[in-house]
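The values are calculated or read from the model by the stated rules, or taken from the named source; none is laboratory data. For clarity, every value in this text was computed on a predicted model and none was experimentally measured. Cβ placement follows ideal geometry from the backbone for every residue including glycine, while neighbour counts extend to all protein chains displayed. Just the protein is used for accessible areas: all its heavy atoms, side chains included, with ligands, DNA and RNA removed. Shrake-Rupley method; radii C 1.70, N 1.55, O 1.52, S 1.80 Å.
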Amino acid sequence: MKPDLTAQLSRKQREAVESAGYRILRWAAARKILQARVSKARIGEPLGSFLAHWMALAPGSEVGAELWLSFDYVQDQDGITLTAGSASLASAPLEQALLHLPALRSFWSQELRRQHFEALQSLVPKAWFLDGAEIPPGAVIQGLEAVSWLDPQLRVGQGWKLQDPRGLIRQDWQAALASRDCVLSLQASAGTKLNVLYGRDDKEQVVVRSLEASP
């Protein structure tokens with residue numbers, strides 16, 4: 001790492017960046033297990049059908065031979081956000097929505113271990129499946145506190161965007177809801193951008209090889 005860049009990061013941000021490569025690999029491995037369970041119909045209904053529909057739209061979860069990740073951060077703040085990377089998990093809104101899906105919390109906690117799962121949740125932008133399935137009476141959309149996707153306040157939220165599986169931005173909320181193929185996500189806040197390359201040391205541990213500011 002370049003000293004001038006690491007000096008700008010808080011201890012929490014630095015630890016998050018250093019651990020992110022390993023956690024992404026764990027996430028990719030757990031994602032394959034989830035795919036296998038859904039494909040073999042080993043998840044009860046109605047969750048099984050819900051996941052089968054949405055995961056069929058996923059771009060894939062391969063990491064590739066070389067792992068690099070991009071982050072946004074704001075100086076004097078502890079938070080840091082994963083924005084892109086060689087692993088499709090790093091930038092696919094649909095994969096982000098799977099990670100934040102309340103119904104999968106126990107699965108991710110078990111497969112990733114709770115510490116890594118919670119760390120990834122704080123690193124990965126929040127996202128929601130824009131699904132027309134009826135929300136049970138008395139329940140709300142977790143994280144949005146809305147009782148329906150038709151709640152007017154959802155469509156005026158600042159910093160939100162609707163994307164289809166190809167990453168294209170959709171503007172028509174009703175059409176997106178009807179098509180059942182879009183994800184609502186939070187746009188990354190403006191800040192300093194970092195590109196981080198990871199590799200393995202002689203003990204096969206995932207470590208940071210280089211860290212550079214994005215142009």
Over the chain, with neighbouring protein chains present, the accessible area per residue in Å² at probe 1.4 Å is 54 Å²
Highest-MSF residue in the chain out of K32, K161, K203 [GNM, Cα springs under 10 Å]
K203
Using DSSP to define loop residues, name the GluC sites (Glu not before Pro) in segment 88-158 whose beta-carbon has at most 11 other beta-carbon atoms within 10 Å.
E134, E145
Nearby lysines by direct alpha-carbon distance to K126 (threshold 24 angstrom, same-chain neighbours under 8 apart not counted)
K12, K32, K161, K193
Taking Cα pairs under 8 Å and at least six residues apart, what relative contact order does segment 79-178 come out at, in percent?
23 percent
Note, segment 124-136: 3J(HN,Hα) by Karplus (6.51, -1.76, 1.60, θ = phi - 60°), whole Hz, Gly/Pro = x, goes 8, x, 5, 8, 9, 6, 7, 10, x, 4, 5, 8, x
Using a 1.4 angstrom probe on the protein heavy atoms only, could you order Y22, Y73 from most to least accessible area?
Y22, Y73
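Relative contact order for segment 165-215: what percent, with Cα pairs under 8 Å and sequence separation of 6 or more?
26 percent
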Integer Hz, Karplus 6.51/-1.76/1.60 couplings in order for segment 202-210, x for Gly and Pro:
5, 9, 6, 7, 7, 10, 6, 8, 7
Quick one: among I24, I80, I169, which has the greatest mean-square fluctuation in a GNM of the chain with alpha-carbon springs under 10 angstrom?
I169
Structure-derived P(r) over Cα pairs in 10 Å bins from 0, in percent - corresponding label in (1) 8, 33, 31, 19, 8, 1, 0; (2) 7, 28, 30, 19, 11, 4, 1, 0; (3) 8, 32, 35, 19, 5, 0:
(3)
Kindly write out, for segment 163-174 in residue order, the coupling ³J(HN,Hα) from the Karplus curve 6.51 cos²θ - 1.76 cosθ + 1.60 (θ = phi - 60°), rounded to whole Hz, with x marking Gly and Pro.
10, 8, x, 8, x, 6, 6, 10, 9, 7, 4, 4
For the chain, built as a Gaussian network whose Cα springs stay under 10 Å, the top-fluctuating residue of V183, V74, V17
V74
Relative contact order for the chain: what is it in percent, counting Cα pairs under 8 Å that are at least 6 residues apart?
25 percent
Counting only protein heavy atoms and using a 1.4 Å probe, what share of the accessible area of the chain belongs to carbon plus sulfur, as a whole percent?
50 percent
